[in-house]
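This report refers to the structure that appears directly beneath it.
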């Protein structure tokens, strides 16, 4: 994994997998470090172990743009007209299928 660099520390596995999907849908390969540890925690809260998202250095600028939109917070949400997936308002494309929202979906944000 030496050619992978950390780009984000997710609070828990759910956030990590959500962001992994959002990055992969725009063509950025992602590896997760620490995700397997969450199963070993037993009864501890899910946010007790942070999960690191790793990307290739060539994708850093693009990943930072995606993550910056995510960090701006949820501005509502929108449902993809192509696959029906519910997306955070900060996502410019559907994390499930990669389609962009139509004008009617953008107004829901």
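The values are calculated or read from the model by the stated rules, or taken from the named source; none is laboratory data. Just so we're clear, the structure is a prediction, and the values are computed from it rather than from any experiment. Quick reminder, even Gly has a Cβ in these numbers, built from the backbone with ideal geometry, and neighbours come from all protein chains shown.
Structure notes:
- Scanning segment 83-109 for residues that are surrounded by 14 or more Cβ atoms within 10 Å (Cβ to Cβ), out of contact with any strand residue (DSSP E or B) (no Cβ under 9 Å at 6 or more places or on another chain) and at pLDDT 85 or above gives 98, 99.
- Residue 68 part of a helix (DSSP H, G or I), out of contact with any strand residue (DSSP E or B) (no Cβ under 8 Å at 6 or more places or on another chain) and modelled with pLDDT of 80 or more: yes
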